[in-house]
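The values are calculated or read from the model by the stated rules, or taken from the named source; none is laboratory data. The shown structure was predicted, so the numbers you read here are calculated from the model rather than taken from an experiment. Don't worry about glycine lacking a Cβ; one is built from the backbone with ideal geometry, like all the others, and counts go over all protein chains shown. To get the accessible areas, we keep the full protein, side chains included, count just its heavy atoms, and leave off ligands, DNA and RNA. Shrake-Rupley method; radii C 1.70, N 1.55, O 1.52, S 1.80 Å.
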Amino acid sequence: NTRALGIDNASRVTMPYQPAFSVSSDGGSASSGFTIIGSTAQNVSVVTNVGSHFATSTGRFTAPVAGNYFFSGFANFSTTSGGPAIAFRKNGTTAISQNNYAYSVAYNGAAVTCIANLAVNDYVHLECNHYNNVTSTIYTSAVCGFLIG
């Protein structure tokens, strides 16, 4: 079933397919263009993954149905160099949120939220970007998202 909304036999509106995810990690390395929760993330904790559309190995959420989705992400960097920032990307390239920077203070965090209109099989990931091309160490990170409608 890939319908976001439906009407049952009693004429009630149903929501049989509501993809949602919430994932956190407590460590990893991030160079510019790096997906925050992906291949180098440590101690990944999947709190919610309704429909299993978030892949911890790639850090990507793939939309199973078209619609508007809400996304929120956070990263706390334990290094001070590089001017790390985070932003959401759609299909690997299109920015769907502004960069939020964590400047020059160890354990400074950056958070970002957005709403994106996705087609079936579009994917979204939280990406680390740098003012300078260096590698930062991520202390903690989290990302979540869900279908709005």
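Odds and ends about this structure:
- Computed with a 1.4 Å probe over protein heavy atoms only, the accessible surface of the chain comes to 49 Å² per residue.
- Of all stretches in the chain that contain no chymotrypsin sites (Phe, Trp or Tyr not before Pro) in a DSSP loop with at most 14 other Cβ atoms within 10 Å, the longest one is 1-102.
- Carbon/sulfur fraction of accessible area - the chain, other protein chains in place, 1.4 Å, %: 50
- Structural size metrics of region 62-148, computed from C-alpha coordinates, are Rg and Dmax of 13.5, 40 Å.
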